[in-house]
Amino acid sequence: MEANNIQLFSIFGIFIVMLFIAGLYCILMTRNMMRALIGLEILTKAVTVLLILAGYVTGNMAFAQSIVITLIIIEVVVIAITAGVILSIYRHTNSLDRSTIRDLKG
């Protein structure tokens, strides 16, 4: 790697790590399911930026872009299904708290 690429990777690497930690914190520390869904979205964006950066640094941008497009498609499907499940749980319990899921049976 060139010195310019190492400097670029370290600067964006710090940003990616902070973004990943923010998403992980949002998932683990909240009881609200919508906030956890937003945390999942932040985590996947951190992975997306990391893949693009790795593709740029290594010179394999075409491969990185194809992986990122696949990741975005999978992410949209997962978010849509999860949002539907959360909406259904909200309709049954009138709450977005994760502890209310235990009350649902059958």
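Structure values in brief
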| read-out | value |
| --- | --- |
| Neighbourhood net charge (14 Å Cβ-Cβ; Lys/Arg +1, Asp/Glu -1) for residue 27 | +3 |
| Förster radius 30 Å - calculated FRET efficiency between residue 2 and residue 34, Cβ distance, rounded to 0.05 | 0.10 |
| Region 1-61: relative contact order in percent, alpha carbon pairs under 8 Å with at least 6 residues between | 38 |
| Per-residue ³J(HN,Hα) for region 85-98, Karplus 6.51 cos²θ - 1.76 cosθ + 1.60, θ = phi - 60°, Hz, x for Gly and Pro | 5, 5, 4, 5, 5, 5, 5, 7, 10, 6, 8, 9, 6, 5 |
| Relative contact order, percent, the chain [alpha-carbon distance under 8 Å, six or more residues apart] | 27 |
| Among (i) 1.71; (ii) 1.37; (iii) 2.24, the entry that matches Cα Rg over 2.2 N^0.38 Å as calculated here | (ii) |
| Förster radius 30 Å - calculated FRET efficiency between residue 72 and residue 24, Cβ distance, rounded to 0.05 | 0.90 |
| Charged-residue dipole, Cβ positions (Lys, Arg, Asp, Glu), the chain about Cα centre, Debye nearest 20 | 460 |
| Estimated [θ] at 222 nm from DSSP helical runs (n ≥ 4, -39500 (n - 2.57)) normalised by residues in the chain, nearest 500 | -29000 deg cm²/dmol |
| Point-to-point label distance, residue 85-residue 97, nm (Cα→Cβ direction, 7 Å offset) | 2.1 |
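Rule-based calculations on the coordinates, nothing more; no lab input. A quick note: this is a predicted structure, and the numbers were derived from the prediction, not measured. Because the Cβ atoms are built from the backbone with ideal geometry, glycine has one as well, and the counts that use them run over all protein chains shown.
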